[in-house]
Each structure stands twice: as structure tokens, then as C-alpha cells.
Amino acid sequence: MSNSTKLSVSALEIFRNFSGICNSFALWEDGSDVGGTTLKTKSETNGFIGIAKVAESFPKEFKVYDLGSFLSVVSLFKDPEIIYAGKHGKIKEKDGRNSATYSWMAETIASEKVPEVPAPPIPTTFEVTFDLSASTIKDLIKAGDVLSLDYVTFTVESKQVSAVVKAENQDGGNKDLFDVPHFVKTTGGANEAKTYVFGMKLENLRWLLTGDYDLQYIISAKTSKNYVVVKHKARDLWYFIALDNHKVS
């Protein structure tokens, strides 16, 4: 393992995204022979889990208690590189002109402050999958902001998908519903004889890194809490979102 890591733009984008989900942070090696690191994070309620793979390799002791503070220091550098030196390290410009000392989280604190991430394995089978574009995500979030709504429900029927933005405990139609009928076709998995309805808080969509996604609806055989996996189309990045409202008919 090298005593330094140059941080790519892609890795920093993942760090910033994960800092909005949970500010305490650690890195998990993926054990792959080709290098790289698996990053994991989760929300306080365990209802939202993020998993990403980046090309950089990091030593096991790289644990950050305040990811926002760490990123603020990193932002001082145009081409940041981390130099590891025991309990302390340096963040420096790749050309060596400027540097800042940074202390890693103590192992005793890490065991208390860094959350375990009980992520299920990346699924290979699913009940329903469909495209969820960046523009659709933006439209749903904007509708929630303008109308002060906090929830989105997806309905898949006859391999067509619609989304409705509403208040979480709201049923039926009124002026506060924002409907996006048939905004995309399913790309596989759906049983045309069934209707799938599932919902989530809009804040889950806010936590997604900007981009286009595949949304996969999973019916869990082990737990009563079904979930969706939202996979970024251009990155090794997955979000697991637990569903508190779902039915199949």
C-alpha cells in the first residue's frame, strides 16, 4: 500500500455526496486484486444506504469523523493528494507547494462514531426496473419544493410507470398532487398482469448524486420491508432505499 493517495474528481464527488447522508465516514477495502476501494454510508434511520466503488486505494486507518470539515480542507487544493503518517497526515498539492496537516479519527472513536453499514448484496434479480432520468428527478424535487410536498409514489402498471408527488399521508386527488403520467417505460422484470405501487420520502431523491439511474424494485423474501436499488448509469454507485409504502396487486 502506498503512503499517499491522489484524490480524483470522481472520488471527491462521492465524498461530497456521502457527506450529505452521514458526516462520519470510514473506508472499506473491497479486497479486489485490481485495487480500488468500496465506500459505504447510511442515514441515521438505516433507511438509506449508499455504496460506491472508486479507483483509489486507501489504507485501513483512513477514517474521518467530520467529512464536511475534511472536504473543506481538501477544497484549498486544486490537485489534492493525501500523505499518510500514523495518526496524522498531510493534504497537499500534487506539486508539493502547499500542504495542511490533518488528524485521522482515533480507532476508539471510530468504533463509536462511524456507523456499520448493513448493506445487502448488489442484486442480480428484481421485480421491476425502469429508467429514472436526472431531469425527472429534478422535476419531482422541484414539484415538492413549490407545493411544499414531501413524498413521491411510483405506480407500475402494464409496463408503464407514473409518479405522483404528494403529502406523505395524503390519499386521493386534489390540487396538491403533481402527477407525471407514464414518464418512462419499464426496461424489464415487470409482470404485466400485476400492478406495483411503492412510495418514499422525497428527501431520498435529494440524496442521489446528479445523473441518470436505473431504479430496481426488490421484494425481499427475508424481511417485510421491501426496497428499491437506485443504480447510477455512469458510475459504480448504488443507493438502497427502504420502502414504507408498497403493494403488489
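The values are calculated or read from the model by the stated rules, or taken from the named source; none is laboratory data. Everything numeric here is computed off the predicted structure, so don't read it as measured data. Positions of Cβ are generated from backbone atoms using ideal geometry, with glycine treated the same way; all protein chains shown enter the neighbour counts.
Examine segment 72-89 for a residue that is at pLDDT 80 or above, out of contact with any helix residue (DSSP H, G or I) (no Cβ under 9 Å at 6 or more places or on another chain) and in a strand (DSSP E or B), and state whether such a residue exists.
Taking every residue of segment 72-89 in turn, at least one turns out to be at pLDDT 80 or above, out of contact with any helix residue (DSSP H, G or I) (no Cβ under 9 Å at 6 or more places or on another chain) and in a strand (DSSP E or B).
Out of segment 128-138, which residues are in a helix (DSSP H, G or I) and either touching a Cys at 6+ places or on another chain (Cβ under 7 Å) or buried (at least 16 other Cβ atoms within 10 Å of the Cβ) (or both)?
Listed by number, the residues that qualify are T136, I137.
Right, T37: modelled with pLDDT of 80 or more, surrounded by 15 or more Cβ atoms within 10 Å (Cβ to Cβ), among the hydroxyl-bearing types (S, T, Y) and under 14 Å from the mean Cα position of the chain (by Cα) or not?
It is false that T37 is modelled with pLDDT of 80 or more, surrounded by 15 or more Cβ atoms within 10 Å (Cβ to Cβ), among the hydroxyl-bearing types (S, T, Y) and under 14 Å from the mean Cα position of the chain (by Cα).
I'm trying to understand the selection: among the residues of segment 11-21, which are closer than 21 Å to F240 by Cβ and not β-branched (V, I, T)?
If the condition is that a residue be closer than 21 Å to F240 by Cβ and not β-branched (V, I, T), then A11, E13, F15, R16, N17, F18, S19, G20 are the ones that fit.
Across segment 145-177, which residue is nearest to the chain's Cα centre (by Cα) among those that are at pLDDT below 85 and farther than 25 Å from K194 by Cβ?
Here the answer is N169.
Can you list residue pairs whose Cβ atoms sit under 7 Å apart, with the first residue in segment 204-216 being touching a residue at least 40 places away in the same chain (Cβ under 8 Å) and assigned by TED's automatic domain parsing to the domain that holds L237 and the second being among the basic types (K, R) and part of a strand (DSSP E or B)? Count only pairs 6 or more apart in sequence or on different chains.
Y213/K231; D214/K231; Q216/K231
Working carefully through the options A26, A52, find the one that is at pLDDT 80 or above, small (G, A, S) and surrounded by 19 or more Cβ atoms within 10 Å (Cβ to Cβ).
One residue alone meets the criteria, A52.
Test K142 against the stated conditions and say whether it is basic (K, R), modelled with pLDDT of 75 or more and outside any strand (DSSP E or B).
Taking the combined requirement at face value, the residue satisfies it.
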